[in-house]
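Throughout, read-outs are computed from the coordinates displayed, never taken from laboratory work. Worth saying up front: this structure is predicted, and the values here are computed from it rather than measured. Every residue, glycine among them, receives a Cβ derived from its backbone with ideal geometry; neighbour counts consider all protein chains shown.
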Amino acid sequence: MKILVFDVREEEIVIFQQVRKTLNTHVDILTCAFNDETINQCVGYDAVSIAGMKSIDSVVLDKLKEYGIKYLSTRTIGYDHIDVKYANKIGVRVCNVEYPPESVADFTIMLMLLVLRKYKQSLYRQNVNDYSLTGLKGKTIRNLTIGVIGTGKIGRTVIESLSGFGCKILAYDVYQNKEVTKLATYVELDTLYKESDLITFHTMLNEETANMVDENTISKMKDGVVLINTARGELMNLQALIKGIESKKIGGLGLDVFEEEKYIYHKSLINDILSNRDMAYLRQFPNVILTPHIAFYTDVSVEAMVRGGIEGLLAMEQGDYAKELL
Ligand code: NAD
């Protein structure tokens, strides 16, 4: 099988080379982005591996099919950027990757602490010799009720870590997990909204979860609630978040993901004029911390993403469809 890999970062090249050697397979590596200009490079290959920064809609999938691509892997856990239904329909088999949930879970705990301990403000102040305390009083996790929405691999790991802090943990998922019930209490979504001081989101993005945080849901939450999102920006309505921060209904935000981040994150735009007013407006608040979708970005995850991206394609080619997305 001939595999073409796009979106390869410099540091990943050596890992791809090792994987290519151990799996003894034909893998060509490209550091350019997979996009409308580069897609024609797929001609002559059987499989393609990409990162998650381009929408793979029916038009792109038809092109891949026309170029002879039978298998597609996204080196990400989330696969909401791919029209999987359409891929299935036209016979392009798709898989994603898995990597240890601790990368995102650790980052989530860090965001909680950064927001709760007003770290952004204290860091800025230190740099300008402002050592005053006003406005920097924080909260300890032990005394809070934390709501975890989505108790899959990452949500569960966040709950495990949180249990060490001794706080009350509420959980919500459409499927309940037995292990989680040892550390957290599953409740109805509205109860979680009503009783949590801090809510962290770990659901996948789908039709049901898109915009699940809007003005209506925020109105059900406690005054001063802290929201943490390391899942997908589209879970939250941006205008509702802005209103919530302006009115002080929301006491703090920690967002590693952002709607429309595809055009911004993971690039240096230092000399560019950014046209995303909402983002610029939101990030200037002292109680809002934005990070550029880096919760996944650790040594172990990068290694697993590279390996998983190739192994998933080979498995499907060999008739093992356990990892295929349907
Ligand atoms: P997972 O599939 O193990 O868990 C997702 C959970 O969402 C499942 O338990 C599922 O039942 C639940 N869910 C689905 N629909 C729901 C609904 N309507 N309400 C409540 N829960 C619902 O996935 P995971 O590995 O835990 O990852 C979770 C998400 O984190 C991914 O989908 C991805 O979008 C995001 N992610 C972000 C980063 C990052 O760098 N920021 C990295 C990896 C993953």
Nearest-ten-degree value, helix 10-23 long axis tilted from longest Cα axis of the chain: 50 degrees
Cα-centred dipole magnitude for the chain, charges only on beta-carbon of K, R (+1) and D, E (-1), debye, nearest 20: 940 debye
Distance between modelled label sites at Asp320 and Ser58, nm, 7 Å Cα→Cβ extension: 3.4 nm
Charge dipole (the chain, unit charges on Cβ, about Cα centre) - positive-most of Leu198, Asn88, Phe258: Leu198
Cut-off under 5 Å, modelled amide H: who pairs with Val94 long-range: Leu72, Leu325
Nearest-ten-degree value, helix 102-116 long axis tilted from longest Cα axis of the chain: 30 degrees
Cα-projected label distance for Leu189 with Gln17, points at 7 Å along beta-carbon direction, nm: 4.9 nm
Nearest-ten-degree value, helix 299-317 long axis tilted from longest Cα axis of the chain: 40 degrees
Highest average packing first - 255-267, 150-162, 272-284, Cβ atoms within 10 Å: 150-162, 255-267, 272-284
Whole-number percent relative contact order across the chain, with pairs defined as alpha carbons under 8 Å at least 6 apart: 19 percent
